[in-house]
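**Student:** Dropping a structure here in structure tokens format, bear with me for questions.
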Amino acid sequence: MSVFTTVERDELLVFLQHYSAGELRDYEGISDGIENTNYFVTTDKLQLVLTLFETHTFEEMGYFLDLMAHLSAHAIPSATPLQDNEQHYLRMFKGKPSALVARLPGTSLDHPTDEQCAILGRAMAQLHLAGRDFTGQRDNGRGHAWRMATADKIAAKLPADEAELLAREVIYQQANRFDALPGGVIHADLFRDNVLWSGDTLTGIIDFYYACTDAWLYDLAVAANDWCVEADGGFVNSRLEALVNAYHTERAITAAELAAWPTVVRAAALRFWLSRLYDWHFPREGEITHRKDPADFGRILRQRAEHPHDLPVG
């Protein structure tokens with residue numbers, strides 16, 4: 001959630017005239033994250049987040065906002081988009097598709113407990129089940145084809161040991177596809193900074209702008225690689241067991257998914273290693289920018305490749 005597009009106060013005042021949001025009291029840029037421009041916006045009525053979408057088109061943004069409204073209507077704790085005075089979720093602002101969503105209470109976690117991982121697992125399964133009757137469809141923009149193309153672009157930038165790891169993983173992923181696994185709507189970026197808490201109460205899942213249609217197990221793998229890891233990239237077994245078994249109580253994990261886990265969890269690690277490498281070597285300009293260290297996911301990928309780990313169900 002970097003600030004790539006600067007918004008002046010008088011510009012924001014004009015934008016807010018299209019909403020019944022009240023009078024502007026304050027706003028500030030949000031520095032976390034790496035993809036879109038985000039501001040906290042406070043009025044005399046509401047606390048909101050304004051997002052200017054830097055890479056998505058107006059047409060594809062409709063999917064994300066409709067999904068957020070759908071999940072909110074199905075009691076999934078997610079940010080509800082605010083309709084403008086013409087009942088639209090999306091408007092153009094400073095040449096970018098833009099939206100206001102409700103700012104949810106709570107803060108993200110740095111060090112989740114086993115119980116919090118279990119709560120997340122149940123919430124993720126409920127999100128997947130709630131998405132079954134969502135009619136929108138969107139391919140994973142960071143799926144297999146993107147991973148292979150980005151690996152090709154980034155390989156020459158890497159030192160020898162990382163280039164070797166990447167080359168081996170590309171060969172492995174090309175030979176081990178998981179397109180036939182059960183799936184539907186996934187969040188695809190369910191990291192700790194995209195889940196809000198008040199104590200042990202999960203108050204909100206945010207930042208749905210990678211959401212898509214893909215394997216449910218891939219979503220679980222993305223979360224496991226962030227919520228359940230040691231500093232060296234290895235799994236914290238108690239957290240992983242809590243996450244997975246709580247998920248399994250809501251949506252039973254299939255035998256095919258159990259068999260595919262070592263491949264899928266490596267694909268999830270590869271995706272974030274590649275995106276961070278790309279942002280590191282090909283940075284975008286912005287007023288406030290935040291680039292995440294690729295080395296973290298390089299370690300995670302190496303761990304997944306060298307120490308395969310079964311899915312701890314039951």
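The values are calculated or read from the model by the stated rules, or taken from the named source; none is laboratory data. The model shown is predicted, which means the values in this text are computed figures rather than measured ones. Note: ideal-geometry Cβ built from the backbone for every residue, glycine included; neighbour counts use all protein chains shown.
**Student:** Determine, yes or no, whether residue 214 is crowded, with 20+ Cβ neighbours inside 10 Å and assigned to a strand (DSSP E or B).
**Tutor:** yes
**Student:** Residue 63 - would you say it is aromatic (Phe, Trp, Tyr) and either in a loop (DSSP other than H, G, I, E, B) or in contact with a Ser or Thr (Cβ under 6 Å, 6 or more places away or on another chain) (or both)?
**Tutor:** No.
Each row is one residue, and each column tells you yes or no for (1) over 28 Å from residue 65 (Cα atoms); (2) crowded, with 19+ Cβ neighbours inside 10 Å; (3) of a type in the set (Val, Ile, Thr); (4) free of Cβ contacts under 8 Å to residues at least 60 places away in the same chain.
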position	(1), (2), (3), (4)
144	no, no, no, no
148	yes, no, no, yes
159	yes, no, no, yes
162	yes, yes, no, no
176	yes, no, no, no
190	no, yes, no, no
195	no, yes, yes, no
202	no, no, no, no
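**Student:** Six or more apart or on different chains, Cβ atoms under 9 Å: show the pairs whose first residue is in the range 253-265 and over 18 Å from residue 222 (Cβ atoms) and whose second is surrounded by fewer than 22 Cβ atoms within 10 Å (Cβ to Cβ) and at pLDDT 95 or above.
**Tutor:** 254/181; 254/182; 256/178; 256/180; 256/181; 256/182
**Student:** For the range 251-270, name all the residues that are within 20 Å of residue 226 (Cβ to Cβ) and assigned to a helix (DSSP H, G or I).
**Tutor:** 257, 260, 261, 262, 263, 264, 265, 266, 267, 268, 269, 270
**Student:** When you check residue 240 against the structure, is it surrounded by 15 or more Cβ atoms within 10 Å (Cβ to Cβ) and touching a Cys at 6+ places or on another chain (Cβ under 9 Å), yes or no?
**Tutor:** yes
**Student:** Looking only at residues in the range 1-38 that are modelled with pLDDT of 95 or more, in a loop (DSSP other than H, G, I, E, B) and of a type in the set (Ser, Thr, Tyr), which one is surrounded by the fewest Cβ atoms within 10 Å (Cβ to Cβ)?
**Tutor:** This residue is 20.
**Student:** Could you go through the range 184-196 and let me know if any residue there is touching a strand residue (DSSP E or B) at 6+ places or on another chain (Cβ under 6 Å) and part of a helix (DSSP H, G or I).
**Tutor:** Checked the range 184-196: no residue is touching a strand residue (DSSP E or B) at 6+ places or on another chain (Cβ under 6 Å) and part of a helix (DSSP H, G or I).
**Student:** Test of understanding: among 167, 123, which residue is surrounded by fewer than 18 Cβ atoms within 10 Å (Cβ to Cβ), among the small types (Gly, Ala, Ser) and not assigned by TED's automatic domain parsing to the domain that holds residue 49?
**Tutor:** On inspection, the qualifying residue turns out to be 167.
**Student:** It is to be established whether one or more residues within the range 144-167 are of a type in the set (A, V, I, L, M), modelled with pLDDT of 95 or more and within 23 Å of residue 193 (Cα to Cα).
**Tutor:** No, the conditions are met nowhere in the range 144-167.
**Student:** Could you count how many residues in the range 22-60 are more than 17 Å from the chain's Cα centre (by Cα) and closer than 21 Å to residue 207 by Cβ?
**Tutor:** Within the range 22-60, residues that are more than 17 Å from the chain's Cα centre (by Cα) and closer than 21 Å to residue 207 by Cβ number 14.
**Student:** Exactly one of these conditions fails for residue 57: (1) over 25 Å from residue 213 (Cα atoms); (2) surrounded by fewer than 16 Cβ atoms within 10 Å (Cβ to Cβ). Give me its number.
**Tutor:** Every listed condition holds for residue 57 apart from (1).
**Student:** While we're looking at this one, here's another question. Only one of 231, 224 is assigned to a loop (DSSP other than H, G, I, E, B), small (Gly, Ala, Ser) and free of Cβ contacts under 8 Å to residues at least 60 places away in the same chain. Can you tell me which?
**Tutor:** Testing whether each residue is assigned to a loop (DSSP other than H, G, I, E, B), small (Gly, Ala, Ser) and free of Cβ contacts under 8 Å to residues at least 60 places away in the same chain leaves just 231.
**Student:** Within the range 126-142, how many residues are of a type outside the set (Lys, Arg), within 15 Å of the chain's Cα centre (by Cα) and either surrounded by fewer than 18 Cβ atoms within 10 Å (Cβ to Cβ) or not assigned by TED's automatic domain parsing to the domain that holds residue 181 (or both)?
**Tutor:** The number of residues fulfilling the criteria is 2.
**Student:** Any chance the range 39-47 includes a residue that's in contact (Cβ under 8 Å) with a residue 40 or more places away in the chain and either assigned to a helix (DSSP H, G or I) or over 17 Å from residue 15 (Cβ atoms) (or both)?
**Tutor:** No, the range 39-47 contains no residue that is in contact (Cβ under 8 Å) with a residue 40 or more places away in the chain and either assigned to a helix (DSSP H, G or I) or over 17 Å from residue 15 (Cβ atoms) (or both).
**Student:** From 49, 41, 14, grab the single residue that is outside the structural domain of residue 217 (by TED's automatic domain parsing) and closer than 20 Å to residue 197 by Cβ.
**Tutor:** Result of the check over 49, 41, 14: 49.
**Student:** Could you please let me know if residue 154 is in contact (Cβ under 8 Å) with a residue 12 or more places away in the chain and farther than 26 Å from residue 227 by Cα?
**Tutor:** The answer is yes for residue 154.
**Student:** Among the residues of the range 84-98, are any under 22 Å from residue 210 (Cβ atoms) and not in a strand (DSSP E or B)?
**Tutor:** Yes: one or more hits.
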